[in-house]
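Visitor: Below are the structure tokens for one structure; questions will follow.
Only the coordinates and a few stated rules stand behind these numbers; no lab work does. Quantities reported herein were computed from a predicted structural model and do not represent experimental measurements. All Cβ positions, even for glycine, are placed from backbone atoms using ideal geometry, and neighbour counts span all protein chains on display.
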Amino acid sequence: MKKPHCTLEQRRKWIENNREKVREYDRRWQEENKEKKREYGREYAKKYKKRINAMAVVHRSVKSGRLKKPIHCSRCGDAGYIHAHHPDYDKPREVVWFCTSCHKKEHLGISLVEEGK
């Protein structure tokens, strides 16, 4: 599926313009590679055990009411889909709540000062 010698931006544009082809390719690949997919899942679970555990703790805590999920991003104040960010996976209930955009920026190390806000 990956076109040779194209930039990331060109690839993204091609995917955007060919969504049905991409979906069909993904469906077919997943159907033909079930065991590969399972193995990848097992390897991921081993490699990121703390991360998966921390996400599960937050999910259960929010569901049971022990942890309250806000409706606004703690960084920019926008409402929308809010993500729980774990600065430390050893403290799974200590999270910072970010919108999708701010969560991405947090992982990229972009501060509010660098953004110009």
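Visitor: Just to be sure I understand, how many residues within the range 23-66 are in contact with a helix residue (DSSP H, G or I) (Cβ under 9 Å, 6 or more places away or on another chain) and small (G, A, S)?
Guide: 1
Visitor: Another question, then. Is there a residue being over 20 Å from L108 (Cβ atoms) and polar (S, T, N, Q) anywhere in the range 67-76?
Guide: No, because not a single residue in the range 67-76 is over 20 Å from L108 (Cβ atoms) and polar (S, T, N, Q).
Visitor: Here are S74, S61: which of them is within 21 Å of R93 (Cα to Cα), surrounded by 12 or more Cβ atoms within 10 Å (Cβ to Cβ), touching a strand residue (DSSP E or B) at 6+ places or on another chain (Cβ under 7 Å) and of a type in the set (G, A, S)?
Guide: Values: S61 fails: touching a strand residue (DSSP E or B) at 6+ places or on another chain (Cβ under 7 Å).
Criteria check complete, one pass: S74.
Visitor: Right, next: What number goes with the only condition from (1) in contact with a strand residue (DSSP E or B) (Cβ under 9 Å, 6 or more places away or on another chain); (2) surrounded by 12 or more Cβ atoms within 10 Å (Cβ to Cβ) that Y81 does not pass?
Guide: (2)
So that you can scan it fast, the table gives a plain yes or no per residue for (1) without any contact (Cβ under 8 Å) to a residue 24 or more places away in the chain; (2) surrounded by fewer than 10 Cβ atoms within 10 Å (Cβ to Cβ):
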| residue | (1), (2) |
| --- | --- |
| L8 | yes, yes |
| Y44 | yes, no |
| G65 | yes, yes |
| P92 | no, no |
| K104 | yes, no |
